[in-house]
Amino acid sequence: MSVINKVLRELDQRHAIPGSPEDAPREVRPVRDPGGGHEWLWRIVAALLLVALAWVGWVVYQMQPRRVATDLGIAAGETARRDGARLAESKAAPPPELPAPAAAVLVAAAAGPLKLAESIETPIGAPEPPQPKPAPRELKPKALAPVKIGPRVEKHELTPVPVQRAEIEFRRGVALLQQGRVSEAEARFAVAIGLDPAHEQARQALAAMLIEQRRLEEARRLLQEGLRVNPKQQHFAVALARIHIERADYAAALEVLNRGRDDSRPSAEYDAVLGSVLSRMGRDREAVEAYRAALRTAPDKGGTWLGLALSLESLDRRPEAADAYRRALASGTLTADVKQYAEQKVRQLR
């Protein structure tokens, strides 16, 4: 019996059916990585963040003010600092009560190409010395007279007149130019001219900026308007003539110079530009006279001596031309290539 029981137990173990679902064998399947599906999403988000940061940095850079260093801006800055020092020392009155600044100067080479104003001078008149205060007098009581109430002062009566407002705008433009804020300074100068068309300093400053930016048509219109206000403004006439010379319109340049001539105030720059125009038109005899008039006022201008030498050579006055070339070299103001040309001419005219 024991053998039979043993055999039956072995059969039961070989062919037994599992007694519960937990004991049954389960199907094995591969499991997907739960993080693999989100990897590309995070990469895209990181790339978008980098692009957004780069864009914000570019916008911040563009919003920063630019400093444009020009001769005009540097000179205006030095002038503004001098004016500020004077105001601090003298405790001067606000800008509307200040005297008008002296006229600016348009500096340009006599026979060279188109050039523009190199400086703006805005000196502020020295304040009068303070007057000593009188000693206080002893006041005696008096009967009070009836007070009469005058007419009410309206707010608009306190507004500065256009001329004073124009001066304020001009000084603001100079301060902005000193800070390198060229476009804002240009707008202030334009406002000053609109308030007072006779404000020559603002017109000269704006014309110089336009010429420096090669906006010649705008500068031409601005200078023509200034000459309509003051036909004898030689600085405007010279600057406008240079624009016409740049465009090879010598007849228009000569017409402008003839209208703007002021014999009561000789100008070496005016006569030198006149000589250059006459020489380009083939009128060398008149050009020689204009150059000599310029040299009587400013005998150290190498460009003027060079222009005189060219006109004398065209008239076949060789000894005088050679002497003029030597005087141009002696001035020490010629550029290297012009100096080489003058030296060559001196050797040819011996």
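The values are calculated or read from the model by the stated rules, or taken from the named source; none is laboratory data. All figures in this text were calculated on a predicted structure; none of them were measured in a lab. Using ideal geometry, Cβ is built from the backbone for each residue, glycine included, and neighbour counts are taken over all protein chains shown. Surface accessibility is based on the protein's heavy atoms, side chains included, excluding ligands, DNA and RNA. Shrake-Rupley method; radii C 1.70, N 1.55, O 1.52, S 1.80 Å.
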I'm told residue 330 meets every condition in (1) more than 37 Å from the chain's Cα centre (by Cα); (2) loosely packed, with under 14 Cβ neighbours inside 10 Å; (3) not β-branched (Val, Ile, Thr) except one. Can you identify the failing condition by its number?
(1)
Restrict the check to the range 194-201 and report whether at least one residue is over 25 Å from residue 164 (Cβ atoms), part of a helix (DSSP H, G or I) and open to solvent by 20 Å² or more (accessible area, probe 1.4 Å).
no
Please determine whether any residue of the range 205-212 is at pLDDT below 95 and either part of a loop (DSSP other than H, G, I, E, B) or within 20 Å of residue 266 (Cα to Cα) (or both).
no
Within the bounds of the range 310-327, is there any residue that is part of a loop (DSSP other than H, G, I, E, B), farther than 24 Å from residue 243 by Cβ, among the small types (Gly, Ala, Ser) and open to solvent by 70 Å² or more (accessible area, probe 1.4 Å)?
no
Please pick out the residue among 347, 285 that is free of Cβ contacts under 8 Å to residues at least 24 places away in the same chain, surrounded by fewer than 21 Cβ atoms within 10 Å (Cβ to Cβ) and more than 30 Å from residue 225 (Cβ to Cβ).
347
Hey, among the residues in the range 185-214 that are under 11 Å from the mean Cα position of the chain (by Cα) and charged (D, E, K, R), which one's nearest to residue 237 (Cα to Cα)?
212
Neighbours by Cβ (under 6 Å, 6+ apart or cross-chain): first from the range 228-249, over 17 Å from residue 196 (Cβ atoms); second hydroxyl-bearing (Ser, Thr, Tyr) and open to solvent by less than 10 Å² (accessible area, probe 1.4 Å)
234/270; 238/270
Which residue pairs have Cβ atoms closer than 6 Å, lie 6 or more positions apart in sequence or on different chains, and pair a first residue in the range 263-282 that is of a type in the set (S, T, N, Q) with a second residue that is open to solvent by less than 70 Å² (accessible area, probe 1.4 Å)?
267/234; 276/111; 276/307; 279/287; 279/311
Being open to solvent by 70 Å² or more (accessible area, probe 1.4 Å) and over 25 Å from residue 263 (Cα atoms) is the requirement here; does residue 212 meet it?
yes
Among what's in the range 243-261 and is open to solvent by 10 Å² or more (accessible area, probe 1.4 Å) and touching a Pro at 6+ places or on another chain (Cβ under 9 Å), pick the residue that is nearest to residue 296 (Cα to Cα).
259
Kindly evaluate residue 182 against the criterion of being touching a residue at least 12 places away in the same chain (Cβ under 8 Å) and either more than 23 Å from residue 239 (Cα to Cα) or within 15 Å of the chain's Cα centre (by Cα) (or both).
yes
Restricting to the range 267-290, what's the tally of residues that are of a type in the set (D, E, K, R), under 33 Å from the mean Cα position of the chain (by Cα) and farther than 17 Å from residue 302 by Cα?
1
Assuming residue 254 fulfils every condition listed in (1) in a helix (DSSP H, G or I); (2) free of Cβ contacts under 8 Å to residues at least 40 places away in the same chain; (3) over 21 Å from residue 294 (Cα atoms) apart from one, which condition is it?
(3)
From 217, 225, which residue is free of Cβ contacts under 8 Å to residues at least 12 places away in the same chain and under 24 Å from the mean Cα position of the chain (by Cα)?
217
Can you name the residue in the range 40-79 that is closer than 24 Å to residue 173 by Cβ, in a helix (DSSP H, G or I) and aliphatic (A, V, I, L, M) and is also modelled with the highest pLDDT among such residues?
63
